[in-house]
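Written below as structure tokens is the structure these notes are about.
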Amino acid sequence: MWSRRAFLKAGGLAMFSAGVGGVPRFISRTALASSGGMAGGKRRVLVAIFQRGAMDGLMAVSPLEEPLLRQYRPHLMMEPAPRAGGEGLIPLDALYGMHPGLSSLLPLYREGHLAIVHGVGSPDTTRSHFDAQDYMETGTPGRKGTGSGWLNRATRMLPGEATPFRAVAMTSSLPRSLYGEEPALAIADLPSFGFTGGRRSKGGSLLLRGFQSLYEDTVDPLLRKAGGESFEAARLLSGSNRESYRPAAGANYPETRFGKSLRQIAQLIKSDVGLEVAFAEMGGWDTHVQQGASTGPFARLSGELAGGISAFWADLQDERERVLLMTMTEFGRTVRENGSGGTDHGRASCLFLLGQGVKGGAVHGGLPPLMESELEEGRDLPVRVDFRSVFGEVAARHLGLADASELFPGWKGVRMDLLRA
Amino acid sequence: MVFWALLVVIVMYQGVGWAAEPEPGEASQLGSLPWREAGLTERGAAVHLLNRLTFGIRPGDVEAVLAVGLEEWVEAQLGPSPEDGALGKRLAGHRALRMTNEEIAMTYPARGQVAFLARRDGRIGDRADGTRQGESSPGAEGNRRAARMHLLAYAREQGYRPQSELLEQLAAQKFLRAVYGEKQLVEVLTDFWFNHFNVSVTHNRARPYVLTFERDAIRPHVLGKFGEMLGATARHPAMLFYLDNAKSTAPSGARTTMDHELERYRKLPGLRNRIDRALQERSRRQSEAEKMLPRELKSRRGINENYARELMELHTMGVDGGYSQWDVVEVARAFTGWFVYPMGPVGGEARVRLEGRMKRARRVGFVREGGFLFRSDLHDAEEKMILGESFPEGGGLEEGERVLEIVARHPSTARHVARKMAVRFVSETPSPELVDRLAIRFLETDGDIAEIVRAIVHSAGFWKESTRRSKVKSPFALAVSAVRGVGAEVRDCRELLRWVRAMGEPVYAYQAPTGFPDRAEAWISAGSLVQRMKFAVSLALGRIRGVEVPSYQKPGGSLSASAGSSLRRSGAMLLPGRDLESTIGLLTPLFEETESRLETWRGRAELVGMLIGSPEFQRY
């Protein structure tokens, strides 16, 4: 075995450039250290997307034959598009149609990689954004005191050795989902993450060498270990493709913060830095006022969401078999539109699952007929799918974390059958 | 264990009354601080004391402590706070710092509230927003822009300011006080206790009141009694919103305090019929109002356990403190009716209604204290059993107060607080003996925080070799100590605070009620360490906007001597009393590579940056 010090010395300054042959050094070291672990950096990745503000699931994926919708939502409801590309709901099957803003997801749905789960929500009936997000991110509905987030607990349970990039959120500070014992990175912007902002000046390299020798030499084990990983991580990212990253042909990310987040997640996945849990978020879904129908704010938001996701999928053409993407939102919105052409806080919404192992091309879960007696409290889509039965399925089948008792303490439910074994 | 044995004695003693306040002069009876026993020089002891009780050592601080004497310096830090004029001047421009809750609510309404008011006043809405069909027309974007302009104009006329200004002033005052405050221990303790009773600006309704929470509920008590701080946090709007007590009510059907009060009045001759008529009228009007309300505005009745649980788990007894789920529910019932007085422009109508009736409301048990409102009509006045004590039916506000008193003086609370303070000031793994001693001191002094700090610095454990430099600075502490160490001048804190966030500590914005964990592992990861080193270099090179760095004097002498002597001098300034020989040995060759490097300001600044980013500087 090499000692860490000998390793650094031998690797020497060659490591100023990005990993050799696409495999960064600490990955190969990892593979060395845990023989029998996963080979190289090709690990399975879960990409979690939080749509903050509560997406109107009924507008995203709507029943096609529901006469009551005209009554409930005179200004919001849409007829099925008379022809492809027309303005109106895009039929997915006999029952449901997709908002036209989401049209770029349609090919993924038709190919069978994208699934929709409808009627998802929390058993806790809070309609507070803060509480509902908190409960969804901790994975413990009704309990505020849970210190850690469910993605952090999932990260902790992953087998094999961690790299500094095992869990990454593309946010300026760590989201509640990643609070906890396990180290996780919050990276607002990849290019500015490294030491010199991409440019390597003479001074920059002197500083780097200085810090490196200080952290290599310190007797403090925690700082020595984190220091070593920092240099490897930063070096990796200061590689040539950090700023000049070119997505694959046909991957046109929206020019928004969300689009950038997904692009940088794709970049991390492709550079094999050991990413296993990624998190991105998109705000603006709290559409109380004038949310529009086939055009307007909701259409813009869903266009950005779908555009980002479809670009991400196009970008990952060679990595798809190990990537699963899941969206989530804290609750849905009222079935009736309000007086301002918007919708208020409700209960169930829908979510999207994308991956080659997903039982795609289908709407799982579903909605009851919308007569008042079928609605929760006479006003909201009833929650028929506990979000943990979806998250739990993803953790079990995609990440191999079948023990839900640590992931979702106190949950006694059953996983929903959404992924192929 | 010693703790439990002594506890019995103390608890018996408590039976006849609490320990008297310590006599004046008792502190000096504690004698001198036991640093010699740990093999320290007086200078080394001063350095350690400053490291732990301040936000970092400025040039000259060690000499100042030595000049007054260590014991006297500690007593001055624990003593009353004189006017800090220089700090006051720096804070003077931050006007939110002097506002009451009501003024803040009126000045900084949330964006949604402003939009609501503007719509109510007809300033935006369909007309300004474009018709619904218009949204799909080419003019839609223009309409939205127009609505935004109308909204801004409306906010200006009404004198509303954006909440971002309030939050900037909140964060800036924390930074400025930590850098420039003379009573450093108060700043350190305010940081500690705020985090202990964490509330967060990520919570929409708590957000406007986080500033006054720290100012009014935490800061005045950090050298006082734990129980008083606990009481102040329990009634503060920020806490009532953040942990949902402001929506916790008696379950429907439960008899409330107001029911009991009215029952008393009904016994008076002639009042019975009037009261009954009034009650009938009220319930008729209420059910009518309920019918009118949209469903989401209908009052939901029932307790919310959040505050009760965190009160015991986090604020007082600790997770294994010996309470049960039963106690959580009963405590939640005791706090039903603890509400926030309606404030801000949207609460205006409710407030006017309430103000007109407050006199009558008081007669049936309503109580208002500033932003706090006790609603007797929502307080569950049925019998309770809490932590083995019985609460007879008919109680009111005093039930919550009694709960606070019970938990504030509970032996589990003494241990929980003692341990947490030992972790902050001594080490992540304090000895059980030290925790016991501090817990006992807590019980002896009725939770006197200054006495616990005194007990800490007078303990041998505080000075031990293995304790010193064993803790890792939080990102905030790192930034402040770096600014203090180089003697930088802070004119604008915003970019500094962005760095603190990037290093992993979004101040006032930790979402969970646990507060930031006080553990090295929580602060140090590969990602955060990169940010620390980058921060160090950016600060030293004067690249952080709003911060002016000094000119770093040129070293004299020959070149080969100058790298070493520069490092030695800067090291002595930033890390006084540390053995930096190995650091200097490692860095000297780098600075000797290029002959003229230290001749330039930049080279000297890099040297300072390297020291701030060094492993040594991360520790305290």
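The values are calculated or read from the model by the stated rules, or taken from the named source; none is laboratory data. Just so we're clear, the structure is a prediction, and the values are computed from it rather than from any experiment. Every residue, glycine among them, receives a Cβ derived from its backbone with ideal geometry; neighbour counts consider all protein chains shown.
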Item to check | Residues located in the stretch A:167-182, provided they are at the interface with chain B (Cβ under 10 Å from one of its Cβ atoms) and surrounded by fewer than 21 Cβ atoms within 10 Å (Cβ to Cβ) | outcome: A:172, A:173, A:181
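Yes or no, residue by residue, for (1) of a type outside the set (Lys, Arg); (2) in contact with a Leu (Cβ under 6 Å, 6 or more places away or on another chain); (3) in contact (Cβ under 8 Å) with a residue 40 or more places away in the chain:
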residue: B:543; (1), (2), (3): no, no, no
residue: B:549; (1), (2), (3): yes, no, yes
residue: B:568; (1), (2), (3): no, no, no
residue: B:573; (1), (2), (3): yes, no, yes
residue: B:582; (1), (2), (3): yes, no, no
residue: B:601; (1), (2), (3): yes, no, yes
residue: B:613; (1), (2), (3): yes, no, yes
Checklist entry - Considering B:565, B:614, B:596, which residue is away from every other protein chain (no Cβ under 12 Å) and within 22 Å of residue B:543 (Cβ to Cβ)? => result B:596
Item to check | Lone qualifier among A:249, A:314 - being surrounded by fewer than 18 Cβ atoms within 10 Å (Cβ to Cβ) and away from chain B (no Cβ under 14 Å) | outcome: A:249
Checklist entry - What number of residues within the stretch B:502-530 satisfy the criterion of being within 9 Å of chain A (Cβ to nearest Cβ) and buried (at least 20 other Cβ atoms within 10 Å of the Cβ)? => result 15
Checklist entry - Any idea which residue in the stretch A:371-399 is surrounded by the fewest Cβ atoms within 10 Å (Cβ to Cβ), counting only those that are part of a loop (DSSP other than H, G, I, E, B) and out of contact with any helix residue (DSSP H, G or I) (no Cβ under 9 Å at 6 or more places or on another chain)? => result A:384
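Test residue B:611 against the criterion of being part of a helix (DSSP H, G or I), of a type outside the set (Val, Ile, Thr), at pLDDT 90 or above and under 33 Å from the mean Cα position of the chain (by Cα), and give yes or no. Break it down stepwise before answering.
On the way: part of a helix (DSSP H, G or I): yes; of a type outside the set (Val, Ile, Thr): yes; at pLDDT 90 or above: yes; under 33 Å from the mean Cα position of the chain (by Cα): yes.
When the stated conditions are applied, residue B:611 passes them.
Do you know which residues across the stretch A:100-116 are more than 11 Å from residue A:60 (Cα to Cα) and not in a helix (DSSP H, G or I)? So that I can check it myself, show each step before the final result.
To start, the set of residues in the stretch A:100-116 that are more than 11 Å from residue A:60 (Cα to Cα) comprises A:104-115.
A:111, A:112, A:113, A:114, A:115 - these are the residues of the stretch A:100-116 that are more than 11 Å from residue A:60 (Cα to Cα) and not in a helix (DSSP H, G or I).
Assess whether residue A:139 counts as being under 18 Å from residue A:395 (Cα atoms) and either among the charged types (D, E, K, R) or more than 9 Å from chain B (Cβ to nearest Cβ) (or both). Step through it out loud before you land on a result.
Numbers: under 18 Å from residue A:395 (Cα atoms): yes; either among the charged types (D, E, K, R) or more than 9 Å from chain B (Cβ to nearest Cβ) (or both): yes.
Answer is yes for this residue.
Could you check, for the stretch A:253-261, whether at least one of its residues is more than 8 Å from chain B (Cβ to nearest Cβ), at pLDDT below 90 and out of contact with any Cys (no Cβ under 7 Å at 6 or more places or on another chain)?
Step one: list which residues in the stretch A:253-261 are more than 8 Å from chain B (Cβ to nearest Cβ), which gives A:253-261.
Narrowing further to those that are at pLDDT below 90: none.
The answer is no, given that none of the residues of the stretch A:253-261 is more than 8 Å from chain B (Cβ to nearest Cβ), at pLDDT below 90 and out of contact with any Cys (no Cβ under 7 Å at 6 or more places or on another chain).
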Checklist entry - Which of (1) over 22 Å from residue B:532 (Cα atoms); (2) part of a loop (DSSP other than H, G, I, E, B) is the odd one out, the single condition residue A:133 does not satisfy? => result (2)
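Only one residue in B:477, B:422, B:488 is of a type outside the set (Ser, Thr, Tyr), closer than 22 Å to residue B:187 by Cβ and touching a helix residue (DSSP H, G or I) at 6+ places or on another chain (Cβ under 6 Å). Which one?
Values: B:477 fails: touching a helix residue (DSSP H, G or I) at 6+ places or on another chain (Cβ under 6 Å); B:488 fails: touching a helix residue (DSSP H, G or I) at 6+ places or on another chain (Cβ under 6 Å).
Exactly one of B:477, B:422, B:488 is of a type outside the set (Ser, Thr, Tyr), closer than 22 Å to residue B:187 by Cβ and touching a helix residue (DSSP H, G or I) at 6+ places or on another chain (Cβ under 6 Å), namely B:422.
Return the only residue of B:258, B:312, B:317, B:229 being in a loop (DSSP other than H, G, I, E, B), at pLDDT 90 or above and surrounded by 19 or more Cβ atoms within 10 Å (Cβ to Cβ). Even if it seems obvious, please write down each step before you answer.
On the way: B:258 fails: in a loop (DSSP other than H, G, I, E, B); B:312 fails: in a loop (DSSP other than H, G, I, E, B); B:229 fails: in a loop (DSSP other than H, G, I, E, B).
Just a single option satisfies the conditions, and that option is B:317.
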